[in-house]
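To start, the structure itself, in structure tokens.
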Amino acid sequence: MTAVRQDAWSAEDDLILAEVTLRHIREGSTQLTAFEEVGERIGRTAAACGFRWNSCVRKRYESAIQVAKAQRQKRNYLKKQPHSPGNVSIAGLAEVELDNNVYRSENMTEESLSIDAVIRFLKSWKVSLQDNGRQLRNLEKQLQEKEQELVYLREENERLSNQVSEVQTDYRVVNDDYKALIQIMDRARRLAFLNEEEEEKSKFKMDANGNLERIE
């Protein structure tokens, strides 16, 4: 640890002390840890940083402290929630805005910076919600189209199944008719053959000596 400096605190030292302390509050850390970090950066003891914060700097950042505490509570709450694409981290966005904009100018108050950060966050959140809404509507439209396509395919499948059943029925009928026709033709051929044999037998007769003689 470096030696304690006896010179007065500068505006830059106060800004570093406020920035680091507010960041530790937002992140759920302790002020003692923040004072130790500040002391290493500016060459002072953690006790000196703590005394400066409580006696002077803290009063100028009351609103920022409340915002930081709210961000910490929001961060802890969101960590316990299941993550989803539409779940926007309020604490995270607000923290980014504060980190990017707080302490850039000594002439701007912490309160005005915090309000601006909240306004920017709300605008960003609104745009994000609108984008998510459009994506959701597109997904719903695609789902409806797929459902209609599924209904059409089911109807087409039922129609084709009915056609197949009809063709199979016609085939069985034709096949039965064909078999019946073949049987009729076979019986007709056999009958014709028997008639021919009868005709051949009737043209001859046997005489007394056992010989066949043709009948004219």
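Some points to look at:
- Net lengthening on full extension, residue 33/residue 77 (0.36 nm per residue, minus Cα-Cα): 13.6 nm
- Extension gain, residue 160 back to residue 45 (0.36 nm per residue minus Cα-Cα distance, nm): 32.7 nm
- Neighbourhood net charge (12 Å Cβ-Cβ; Lys/Arg +1, Asp/Glu -1) for residue 165: -1
- Protection proxy ranking, highest mean first, for peptides 127-135, 142-150, 8-16, 45-53: 45-53, 8-16, 127-135, 142-150, where packing is the per-residue count of other beta-carbon atoms within 10 Å, averaged.
Read-outs: derived from the displayed coordinates by stated rules, not from any lab. Since the model is a prediction, treat every value here as computed from it, not as a measurement. Here the Cβ is made from the backbone with ideal geometry for all residues, glycine too, and neighbour counts use every protein chain on show.
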